[in-house]
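The values are calculated or read from the model by the stated rules, or taken from the named source; none is laboratory data. Everything quoted here is computed from the prediction, not taken from an experiment. Cβ atoms come from the backbone with ideal geometry, glycine included; neighbour counts cover every protein chain shown.
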Amino acid sequence: MTEQAADLVAMAMDYPFSRPDHSFLFADGAVRTLAVERVDATLARWGAAPMAERTAVLAYGANAAPERLRRKFAGHAPGMVFPVLGARLFDFDIVYACHYSSYGALPATLAPSPGTVVEVAVTYLDPAQLARMHETELPSQNYVFGRLEKITLRPDGLAELDAVHSYWTAYGYFADDSGPVALSAVAAEGRRFAAAAQRAMQIRALAQLAPGRDLHHFIHENIADPGLRRRRGLALRAKARPFDHPHCELLAG
């Protein structure tokens, strides 16, 4: 395997990527300190839209990670500024979806989990930023976008929310006989599901889809060959469980 291929595999295995353990301002590709109680004043200093003109969008996987946000917004006009607030989401967990990302990871999605409190983030996006996020999330048809209602979400320093916009799986989440599998990299209290790291989940998928194949070559095949990646995702869906939160409104995807 070439060095470049090894780097791509390492990126896939790093999902859901490193993120700060505090709220921050994402500004021109950099992580900036953010005092949440003065967020509108901070946005005004950057010449950015106030919170009242932004959509709160749940971020529970790569969308909370500065590394991935830089990639998503690379090449766009300077002034790409938005808050990313830490938050606690009640009665849900973050679990593995039944598809592969374009960079070879088994990505995350939401699953209802009564009694669980999971650590997530909320991105507050202006219309242009939300349009760009749609461009990165929806064309693959792996996710849909909508509004989750009758929830409890507590963003840092702001009032509790009973609804939020979010992306979630179009095809269901990975499940075995014991149920969904949570991301061990995402902290939660009262977790009901078994949890696993990305590497462990890749090994499980390998055993199901290509037993005996070298793990790193298996992952690189998924990155390099979109057709094979899609076929393997379809095979994973044989045991998928649908996203079944009853109080949601589908808006796109």
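Between a first residue in region 31-45 that is over 15 Å from residue 155 (Cα atoms) and a second residue that is in a loop (DSSP other than H, G, I, E, B), which pairs have beta carbons less than 8 Å apart while being 6 or more apart in sequence or on different chains?
31/20; 40/50; 42/34; 42/35; 43/49; 43/50; 44/50
Starting from residues that are touching a Lys or Arg at 6+ places or on another chain (Cβ under 6 Å) and assigned to a helix (DSSP H, G or I), keep the ones in region 61-91 and report whichever is farthest from residue 157 (Cα to Cα).
The selected residue is 62.
Residue check, residue 185 against (1) modelled with pLDDT of 95 or more; (2) closer than 21 Å to residue 17 by Cα; (3) touching a strand residue (DSSP E or B) at 6+ places or on another chain (Cβ under 7 Å); (4) surrounded by 14 or more Cβ atoms within 10 Å (Cβ to Cβ), all met but one. Which one?
Against the list (1) modelled with pLDDT of 95 or more; (2) closer than 21 Å to residue 17 by Cα; (3) touching a strand residue (DSSP E or B) at 6+ places or on another chain (Cβ under 7 Å); (4) surrounded by 14 or more Cβ atoms within 10 Å (Cβ to Cβ), residue 185 comes up short only on (3).
Would you mind listing the strands (runs of 3 or more DSSP E) fully within region 1-60 where at least 2 residues are touching a His at 6+ places or on another chain (Cβ under 8 Å) and at pLDDT 95 or above? Break it down into steps so the answer makes sense when it comes.
Working: elements: 24-27, 30-32, 55-59.
Of the strands (runs of 3 or more DSSP E) lying wholly inside region 1-60, those with at least 2 residues that are touching a His at 6+ places or on another chain (Cβ under 8 Å) and at pLDDT 95 or above span 55-59.
May I ask you to say which residue of 192, 232, 199, 241 is among the charged types (D, E, K, R), over 27 Å from residue 119 (Cα atoms) and in contact (Cβ under 8 Å) with a residue 60 or more places away in the chain? So that I can check it myself, show each step before the final result.
Numbers: 192 fails: over 27 Å from residue 119 (Cα atoms); 199 fails: over 27 Å from residue 119 (Cα atoms); 241 fails: over 27 Å from residue 119 (Cα atoms).
Answer to the check: 232.
Being over 30 Å from residue 111 (Cβ atoms) and of a type in the set (Val, Ile, Thr): is that true of residue 42 here?
yes
Please work out which one of (1) crowded, with 16+ Cβ neighbours inside 10 Å; (2) under 30 Å from residue 49 (Cα atoms); (3) of a type outside the set (Gly, Ala, Ser) is the condition residue 152 fails and give its number.
(1)
Considering only residues of region 226-253 that are over 20 Å from residue 203 (Cβ atoms), out of contact with any Asp or Glu (no Cβ under 8 Å at 6 or more places or on another chain) and of a type in the set (D, E, K, R), which is modelled with the highest pLDDT?
Filtering first and then ranking leaves 230.
If you check 115, 79, which single one turns out to be more than 14 Å from the chain's Cα centre (by Cα) and more than 26 Å from residue 43 (Cβ to Cβ)?
Just one listed residue meets the conditions, 115.
I'd like the full set of residues that are modelled with pLDDT of 95 or more and either in contact with a helix residue (DSSP H, G or I) (Cβ under 9 Å, 6 or more places away or on another chain) or hydroxyl-bearing (Ser, Thr, Tyr) (or both), limited to region 70-96.
So in region 70-96, the residues modelled with pLDDT of 95 or more come out as 81-96.
Listed by number, the residues that qualify are 81, 82, 83, 84, 85, 86, 96.
Please state which one of 163, 131, 97, 108 is surrounded by fewer than 16 Cβ atoms within 10 Å (Cβ to Cβ) and out of contact with any Lys or Arg (no Cβ under 9 Å at 6 or more places or on another chain).
131
May I ask you to say which residue of 135, 119, 149 is of a type in the set (D, E, K, R) and out of contact with any strand residue (DSSP E or B) (no Cβ under 8 Å at 6 or more places or on another chain)?
Within the list 135, 119, 149, the selection yields 135.
Among (1) closer than 30 Å to residue 231 by Cα; (2) part of a loop (DSSP other than H, G, I, E, B); (3) touching a strand residue (DSSP E or B) at 6+ places or on another chain (Cβ under 6 Å), where does residue 192 come up short?
Condition not satisfied by residue 192: (1).
Looking at 192, 199, which is the one that is out of contact with any helix residue (DSSP H, G or I) (no Cβ under 8 Å at 6 or more places or on another chain), basic (Lys, Arg) and exposed (fewer than 15 other Cβ atoms within 10 Å of the Cβ)?
192
Do we have any residue at all in region 205-228 that's loosely packed, with under 14 Cβ neighbours inside 10 Å and in a strand (DSSP E or B)?
No, region 205-228 has no match at all.
Does region 32-40 include one or more residues that are in contact with a Gly (Cβ under 9 Å, 6 or more places away or on another chain) and exposed (fewer than 15 other Cβ atoms within 10 Å of the Cβ)?
Within region 32-40 (the criterion being in contact with a Gly (Cβ under 9 Å, 6 or more places away or on another chain) and exposed (fewer than 15 other Cβ atoms within 10 Å of the Cβ)), the answer is yes, since at least one residue qualifies.
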